[in-house]
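Participant: Pasting a structure below so you can have a look.
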Amino acid sequence: MINTFFGGVLLGLILSITLGPAFFAIIQTSIDRGFKSALYIAVGISLSDIALIALSFLGISHIINFGNNQELLGIAGGCILIMFGVYTFLKKPEMLKQKLNIKTSNTNMLTYIGKGFLLNIANPSLWIFWTGAVSLLSQQVTIDLLKITIITFFSGTVLTVFSLDILKSYIGLKIKKYLNARKQLYLNRAVGISLVLFGIALIFRIFVI
């Protein structure tokens with residue numbers, strides 16, 4: 001089972017270097033709101049990964065027919081990313097709010113966890129990715145070893161992704177001291193545009209494939 005666990009770690013490493021919406025959200029949140037807020041985003045991302053793996057294991061690929069519902073799933077996920085992108089583009093960084101004497105809201109832990117959860121789960125490609133990963137792993141073991149193999153393998157994957165998300169949060173915190181209010185504002189706009197482009201790309205891909 002050790003080899004199975006480290007196989008999951010390898011998959012987690014590959015998944016973590018993907019520059020998706022969650023990656024930008026963690027970096028931007030760490031710079032704008034601090035390490036703890038970015039950590040909560042990472043928790044939400046990991047919870048959504050666990051949920052998708054569990055749903056895939058329970059046969060979600062048979063419940064949701066991607067051939068018939070792919071357009072709706074893609075549009076919904078793309079719209080969520082676009083909304084997050086527009087919000088990020090328009091909001092002022094905390095440093096600038098302090099200079100302008102704008103009162104900042106105390107966003108609670110559950111809000112950040114929910115944001116990470118929604119950002120991650122709104123990406124339809126992850127639904128397909130996790131379903132495919134579970135299906136592929138299921139074909140390589142006997143039925144009596146399936147459950148323990150799934151748990152061991154994807155424990156390695158989720159722990160690796162979460163650990164590297166913590167590292168991204170820390171990197172964002174270290175970058176913050178080199179950024180003034182104007183640079184943070186530009187970063188917010190760059191992240192917002194990136195999220196909008198990811199959303200548009202998801203919707204566009206549905207109609208061209």
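The values are calculated or read from the model by the stated rules, or taken from the named source; none is laboratory data. Computed from a prediction, not measured in an experiment: that's the story for all the values here. Counting neighbours? That spans all protein chains shown, and the Cβs are built from the backbone with ideal geometry, glycine included. Please note that ligands, DNA and RNA were not included when accessible areas were found on the heavy atoms of the full protein model with its side chains. Shrake-Rupley method; radii C 1.70, N 1.55, O 1.52, S 1.80 Å.
Participant: Residues in segment 135-142: is at least one assigned to a helix (DSSP H, G or I), open to solvent by 70 Å² or more (accessible area, probe 1.4 Å), modelled with pLDDT of 85 or more and out of contact with any Leu (no Cβ under 7 Å at 6 or more places or on another chain)?
Facilitator: There is no residue in segment 135-142 that is assigned to a helix (DSSP H, G or I), open to solvent by 70 Å² or more (accessible area, probe 1.4 Å), modelled with pLDDT of 85 or more and out of contact with any Leu (no Cβ under 7 Å at 6 or more places or on another chain).
Participant: Now a separate question. Being hydrophobic (A, V, I, L, M, F, W, C) and modelled with pLDDT under 90 is the filter here, so list the residues in segment 154-180 that pass it.
Facilitator: Ile171, Leu173, Ile175, Leu179, listed by residue number.
Participant: Quick check on this structure: which one of Ile14, Ile41, Ile50 is surrounded by 22 or more Cβ atoms within 10 Å (Cβ to Cβ) and of a type in the set (A, V, I, L, M, F, W, C)?
Facilitator: Answer to the check: Ile41.
Participant: Search segment 120-132 for residues that are under 16 Å from Phe162 (Cβ atoms) and pair each with any residue that is at pLDDT below 75 when their beta-carbon atoms are under 7 Å apart and the residues are at least 6 apart or on different chains.
Facilitator: none
Participant: Take Gly77 and tell me if it is under 13 Å from the mean Cα position of the chain (by Cα) and either modelled with pLDDT under 70 or surrounded by 19 or more Cβ atoms within 10 Å (Cβ to Cβ) (or both).
Facilitator: Yes: the conditions hold for Gly77.
Participant: So, one more: Consider Lys92 against the criteria (1) crowded, with 20+ Cβ neighbours inside 10 Å; (2) among the charged types (D, E, K, R); (3) at pLDDT below 75: it satisfies all of them except one. Which criterion is unmet?
Facilitator: Lys92 satisfies every listed condition except (1).
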